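**Q** Okay, here's the structure, questions in a sec.
The values are calculated or read from the model by the stated rules, or taken from the named source; none is laboratory data. This one's a predicted model, so the numbers in the text were calculated from it and none came from an experiment. With ideal geometry, Cβ positions are generated from the backbone for all residues, glycine too; neighbour counts draw on all protein chains shown. Accessible surface is based on the protein model in full, side chains and every heavy atom, while ligands, DNA and RNA are left aside. Shrake-Rupley method; radii C 1.70, N 1.55, O 1.52, S 1.80 Å.
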Amino acid sequence: MKYQRVWRYSASIGLVGAVLVLYRSFLHVNNTTVALTLLLVILGVSARWGLAEATVASVIAVLGFNYNFLEPVGKFTIEDPQNWVAFLAFLVTAVTASQLSAHARRRTAEAEVRRLEIEKLYSLLQAMTLTGNARRTVREFVHRVVQIFGCGAAAFYYSPTGDIVRSGPESGPVTDHELVAASEIEEPVPDPRQIAFTSPVRLGGRTLGSMALLAPLPGEGTLRALVNLVAITLEKARALEDASHAEAAHQSEVLKSALLDSLAHDIKTPLTSIKAAVTSLLGGAPGAERELLTIINEEADRLNLLSAEVIAMARVDAGKLHLEKQLVRVGDLIASALSELAVALKKRPVTVAADQDLPPVEADPELMQQVVKHCIENAIKYSPDESPIAISATLKGEKIVIGIGDRGPGIEENERLRIFDRFFRGRKHRFDTKGTGMGLAIAKGIVEAHGERIWVESERGQGSTFSFSLPLAGGRS
Amino acid sequence: MSAGKILVVDDDPQIRRVMKATLVGHGYEVIEARTGEDALEKTPAEMPNLVLLDMNMPGIGGLETCRSLRQGSDIPVIILSVRNTEKDKVAALDAGADDYVTKPFSIEELLARIRAALRRSSSAPENGPHNFVSPDLEIDFETRRVRARGGDVRLTPKEFELLRYLVAHAGKPVTHRELLQAVWGPDYGDEPEYLRVFINQVRKKIEPEPAKPRIILTEPWVGYKFVAPAEPRP
């Protein structure tokens, strides 16, 4: 490096000397030709090597020109004022020309550096293949940025997972703590020592983390581009990741649902044979046998109900009840639940107080009808036979609240919350065999899957009212 | 003399056994098929009067079997299925089934449905109009021929009965329950989804614009009404 510089200076001086000697000793031409030839040499030097070499060459050329060609020859003095003008013109021209040429050279060199950095950015972009995995993208970035840009080290803090990834020979003066802190600021921190570059990484106001690079660093524009590039790539990877997670969740939901369906089928198929056979026998059976066959028939029904509720409960537990929301009129929900329970309600006075003009709600009609049914069944089970059941539907703000009230004994205060737990039965009813103990738990699961609430109000000796809310169809009513 | 020949299609042998024992006990002749493919093969040869079809079977399954059966004949089909959601019922009726019974069922219920289906398929014309003629729609109730917009239209027996009942009460709304009991039988009344499916089918066949019905109108919350198609405007 140093040797090269010395050589360049010597060569510049040598060239100027050679021209002076050539014209002084061998070719005798006028002074203008000499000056122009020297100018050419200086321009050449500045274009090839730079301003410093050209300036040295200019000074030598001016001195040599004065000494050898301007009167009085052989002295560094100038007598003729005309020669003064020529001498100054030469000096100014030489210096300006060499400056201009050196400037152009510097520009070219800068453009070359920029081109190289853009090429590196591009190869980094190519290297960070879209993996659909944000962590892998971070690891790839940290590894490649050192490889491609020749930085001393790189570190990345990915805030959604809290991972810190480092690469490069030295783990560097930027600590984990500094990295995490950098993710919370707005702009890169200027480092007066130019040892490290630390910057938050964000996209559209969303913080993705922060990164740090150790010297040697690429240019400022490239650093900004690097930050943007990694932000966009990460965000893309994250979006891909989300999409594949959603797909996987959907697959597992489909699988669960298919398993439950096949379980339902496998349980109900033998029940179908039992039920068909026993009801067929019941037709012509004499007294004593009839009683036994009736028991088989009733128990087959109970098993069927139990299996249906276990499967419904499993669906609720899977947390992914598949809701097919539609516009539903609560009047229809209540009416169809009542018609399904017509037999059980035969001796019950049922009043329905639902406003005719209630706007429709947005819900899965089959599941919501199950909720109404479970609440009515609960009322039937826990209130005296022939006591009335009151059903109401009222508009409350953006919701419609359906209430199912009975005239039962009421629920003790400490049991009111637990009543929605599966298999829970009130203290007094613990040994009743009716029901599966899952009805209200299923109802709660369905209501909550709709983002709504179910609750009970009760007064000892007066009865209980189970209520749940339903959302009005937004803006479409 | 048998009360009718019934094809029982189910992949579960125990169910076929029970059905055979019971139905034979009630005077029906029973043939069995284990799969949908098997059923489609046996139908043309055996010419059953009714098909009891399981929905969930290996192979082509109940719905596809039902559609294929429908293409060739008007044999009443009762779908038997463990699923009881409205969506499943509508899918079965859409595929051309006449009725849908949820497993497990009591044999009395099934026998009632079988009787209703058999009665329908060979139903003699009841008291009602002999024919209906308008420029867009001609119905001959004795030969069971329907012409709409100049072409012959093929209605399944149930679609035909539905239309007959509505025409007989033209201009008046007929309630869901009344229509169900008239066409399906006295045990019916709480299956409005049956009507939705079948009315849609009839509309597709006779209405100029099925999406904007002008002949069979929906009476919200009540039922349906037949309106004689108006003279086309010149």
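**Q** Hey, could you check the stretch A:339-366 for residues that are open to solvent by 40 Å² or more (accessible area, probe 1.4 Å) and within 14 Å of chain B (Cβ to nearest Cβ) and say which is farthest from residue A:468 (Cα to Cα)?
**A** This residue is A:343.
**Q** Turning to a different aspect of this structure: When you check residue B:225 against the structure, is it at negative phi and open to solvent by 70 Å² or more (accessible area, probe 1.4 Å), yes or no?
**A** Spelling it out, it is not the case that residue B:225 is at negative phi and open to solvent by 70 Å² or more (accessible area, probe 1.4 Å).
**Q** Where the second residue is part of a loop (DSSP other than H, G, I, E, B) and surrounded by fewer than 23 Cβ atoms within 10 Å (Cβ to Cβ) and the first is within 14 Å of chain A (Cβ to nearest Cβ) and lies in the stretch B:62-86, which pairs have Cβ atoms under 7 Å and are six or more apart or on separate chains?
**A** That search, which allows pairs on different chains as well, returns B:62/B:56; B:81/B:56; B:82/B:56.
**Q** Being more than 13 Å from chain B (Cβ to nearest Cβ) and not β-branched (Val, Ile, Thr) is the filter here, so list the residues in the stretch A:367-377 that pass it.
**A** Scanning the stretch A:367-377 gives A:374, A:375, A:377.
**Q** Continuing with the same structure: Which numbered condition trips up residue B:2, out of (1) touching a Ser or Thr at 6+ places or on another chain (Cβ under 7 Å); (2) away from chain A (no Cβ under 14 Å); (3) not in a strand (DSSP E or B)?
**A** (1)
**Q** Turning to a different aspect of this structure: Does the stretch A:93-103 include one or more residues that are touching a residue at least 40 places away in the same chain (Cβ under 8 Å) and either acidic (Asp, Glu) or in a loop (DSSP other than H, G, I, E, B) (or both)?
**A** Checked against the condition, which is being touching a residue at least 40 places away in the same chain (Cβ under 8 Å) and either acidic (Asp, Glu) or in a loop (DSSP other than H, G, I, E, B) (or both), the stretch A:93-103 yields no hits at all.
**Q** Among the residues in the stretch A:323-334, are any surrounded by fewer than 18 Cβ atoms within 10 Å (Cβ to Cβ), in contact with a helix residue (DSSP H, G or I) (Cβ under 7 Å, 6 or more places away or on another chain), within 14 Å of another protein chain (Cβ to nearest Cβ) and farther than 30 Å from residue B:22 by Cα?
**A** Checked against the condition, which is being surrounded by fewer than 18 Cβ atoms within 10 Å (Cβ to Cβ), in contact with a helix residue (DSSP H, G or I) (Cβ under 7 Å, 6 or more places away or on another chain), within 14 Å of another protein chain (Cβ to nearest Cβ) and farther than 30 Å from residue B:22 by Cα, the stretch A:323-334 yields at least one hit.
**Q** Any idea which residue in the stretch A:295-311 is nearest to residue A:374 (Cα to Cα), counting only those that are open to solvent by less than 30 Å² (accessible area, probe 1.4 Å) and not β-branched (Val, Ile, Thr)?
**A** A:309
**Q** Follow-up. Is one or more of the residues making up the stretch A:36-45 touching an Asp or Glu at 6+ places or on another chain (Cβ under 7 Å), at pLDDT below 85, surrounded by 14 or more Cβ atoms within 10 Å (Cβ to Cβ) and part of a helix (DSSP H, G or I)?
**A** Yes, the conditions are met somewhere in the stretch A:36-45.
**Q** Further question on the same structure: For the subset of the stretch A:239-260 comprising residues that are open to solvent by 50 Å² or more (accessible area, probe 1.4 Å) and either within 12 Å of chain B (Cβ to nearest Cβ) or basic (Lys, Arg) (or both), which member is nearest to the chain's Cα centre (by Cα)?
**A** A:256
**Q** Pull up the stretch B:87-97, narrow it to residues that are open to solvent by 10 Å² or more (accessible area, probe 1.4 Å) and at pLDDT 85 or above, then point me to the one that is farthest from the other protein chains (Cβ to nearest Cβ).
**A** B:96
**Q** Just to be sure before I move on: is residue B:60 in contact with a helix residue (DSSP H, G or I) (Cβ under 9 Å, 6 or more places away or on another chain) and open to solvent by less than 50 Å² (accessible area, probe 1.4 Å) in the structure I sent?
**A** No.
**Q** Give the residue, chosen from A:437, A:397, A:463, A:426, that is on the phi > 0 side of the Ramachandran plot and modelled with pLDDT under 85.
**A** Just a single option satisfies the conditions, and that option is A:437.
**Q** Just checking, which of A:192, A:218, A:188, A:200 is over 20 Å from residue A:145 (Cα atoms) and more than 14 Å from the chain's Cα centre (by Cα)?
**A** Only one candidate passes the filter, namely A:192.
**Q** Return the only residue of A:264, A:314, A:300, A:277 being more than 21 Å from residue B:112 (Cβ to Cβ), of a type outside the set (Asp, Glu) and facing chain B (nearest Cβ under 9 Å).
**A** One residue alone meets the criteria, A:264.
**Q** Another question, if that's okay. How many residues does the stretch A:273-288 hold that are in contact with a Leu (Cβ under 8 Å, 6 or more places away or on another chain) and either open to solvent by less than 50 Å² (accessible area, probe 1.4 Å) or over 17 Å from residue B:14 (Cα atoms) (or both)?
**A** Counting residues in the stretch A:273-288 that are in contact with a Leu (Cβ under 8 Å, 6 or more places away or on another chain) and either open to solvent by less than 50 Å² (accessible area, probe 1.4 Å) or over 17 Å from residue B:14 (Cα atoms) (or both) gives 4.
**Q** For the stretch B:25-41, what are the residues that are within 27 Å of residue A:279 (Cβ to Cβ), away from chain A (no Cβ under 14 Å) and under 21 Å from the mean Cα position of the chain (by Cα)?
**A** B:36, B:39
**Q** Can you find a residue in the stretch A:376-399 that is crowded, with 19+ Cβ neighbours inside 10 Å, free of Cβ contacts under 8 Å to residues at least 60 places away in the same chain, of a type in the set (S, T, N, Q) and in contact with an Asp or Glu (Cβ under 9 Å, 6 or more places away or on another chain)?
**A** no
**Q** Still on this structure, I have one more. Read through the list (1) away from chain A (no Cβ under 14 Å); (2) crowded, with 20+ Cβ neighbours inside 10 Å; (3) within 23 Å of residue A:271 (Cβ to Cβ), then give the number of the only condition that residue B:55 fails.
**A** The failed condition is (1).
**Q** Output the qualifying pairs, or none if there are none: Cβ atoms under 6 angstrom, residues six or more apart or on different chains, first residue in the stretch A:146-157 and in a helix (DSSP H, G or I), second residue small (Gly, Ala, Ser).
**A** A:146/A:154; A:146/A:167; A:146/A:168; A:148/A:123
**Q** Output the number of residues of the stretch A:53-79 satisfying the condition of being open to solvent by less than 60 Å² (accessible area, probe 1.4 Å) and without any contact (Cβ under 8 Å) to a residue 40 or more places away in the chain.
**A** Adding up the residues that qualify gives 6.
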